[in-house]
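One structure is given here, and the rest of the page talks about it.
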Amino acid sequence: MVDRTKLTTQQEIVMSQLNAGRSLTNLVAITCHGVSSLSSRIAELRKLGYPIEDRMETDQFERQYKVYFIKAAKVAAAEKELEA
């Protein structure tokens with residue numbers, strides 16, 4: 001298990017969102033959470049052993065961007081929502 005006491009504030013923000021079953025993009029991380037370098041935080045968290053996945057998506061203007069997520073967290077969040 002990963003030691004949460006070693007996480008920085010920005011890493012905690014990122015993990016909080018991902019563990020809640022939400023996905024994160026660079027734009028959302030910057031504008032909503034004040035995380036200015038999401039790719040760096042993701043790289044650091046992956047190095048610590050977190051199973052963060054990503055995929056490329058394309059917006060309506062044909063610009064590509066990366067979406068980060070934790071698959072197990074999405075499943076757990078969906079199951080929790082069904083129980084409510």
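Computed from the coordinates by the stated procedures, all read-outs in this text should not be read as laboratory data. Keep in mind it's a predicted model, so treat the numbers as computed, not measured. Note that we place each Cβ from the backbone using ideal geometry, even for glycine, and neighbour counts take in every protein chain shown.
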Note to self: Quick check on packing: order 40-50, 17-27 by the mean number of other C-beta atoms within 10 Å, highest mean leading.
What the structure shows: 17-27, 40-50
Notebook entry, point to check: Hey, could you pull the Cα Rg and Dmax for segment 8-83, both in Å?
Noted result: 12.7, 38
Next item on the list: Evaluate the distance, in nm, between pseudo-label points positioned 7 Å from the Cα of Leu27 and of Ser39 along their respective Cα→Cβ axes.
Entry: 1.7 nm
